[in-house]
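Have a look at the structure below before the remarks.
Please treat every number below as a calculation from the coordinates, not as lab data. All of these numbers come straight from a predicted model, not from anything done at the bench. Ideal geometry is used to build each Cβ from the backbone, glycine not excepted, and the neighbour counts take in all protein chains shown.
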Amino acid sequence: MIFWEKVETYLKAGVVAPEGFQVWFWDETGFSLRVIRRKGWTLRGKRQKVTGIRSRGRINVMSGLRYHDRKNLSFFVDNGNGESFFESLEKLLGVNLAKLL
């Protein structure tokens, strides 16, 4: 219960002073470029034939949503790891985090 109380406090602070305190919800996801078709329709007595380009690949997206005004930002990254997360944060904030840490 303490966690949710802290979250509510942060959300209230973000609404009161959005220029000084921002609450972002951040997530990363990946999509496969290989589409798999499991079913198809054909005439009775005819064999179904599904053709198409089957390329392999993956798209990773990091995206954030700011709570108080619902602003969203998305970054396409090669790999979803800690380094790409910090790069996305640097783009978001416009500062070099290596100097701050």
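I need to check one value: relative contact order of the chain, counting alpha carbon pairs closer than 8 Å and at least 6 residues apart, in percent. Intermediate values should be presented prior to the final figure.
Numbers: 105 pairs, mean separation 25.1, N = 101.
Value for the chain: 25 percent.
Between V77 and residues 5 or more places away or on another chain, which pairs have amide H atoms under 5 Å apart, with H built 1.01 Å from N, and which residues are they?
The answer is N60, V61, M62.
At 222 nm, what helix-only mean residue ellipticity would the chain give, in deg cm²/dmol to the nearest 500, using -39500 (n - 2.57) for each DSSP H run of four or more?
Working: 3 runs with 31 residues, N = 101.
One gets -9000 deg cm²/dmol as the mean residue ellipticity at 222 nm.
In degrees, nearest 10, range 0 to 90: what is the angle between the Cα axis of helix 2-16 and the longest Cα principal axis of the chain?
For helix 2-16, the angle is close to 80 degrees.
Enumerate lysine pairs in the chain that are 8 or more residues apart or on different chains, then count those whose Cα atoms are under 25 Å apart.
Step by step, the pairs that qualify in the chain add up to 5.
Which of E5, E19, E90 comes first, and how do the rest follow, when ranked by fewest Cβ neighbours within 10 Å?
If I rank by nearby Cβ atoms, fewest first, I get E19, E5, E90.
Exposure proxy check: W26, W41, W4 ranked by fewest other beta carbons within 10 Å?
W41, W4, W26
Would you please give the FRET efficiency between K6 and L92, computed as 1/(1 + (r/R0)^6) with r the Cβ-Cβ distance and R0 = 25 Å, to the nearest 0.05?
Numbers: r = 22 Å, r/R0 = 0.89.
Rounded to the nearest 0.05, the efficiency is 0.65.
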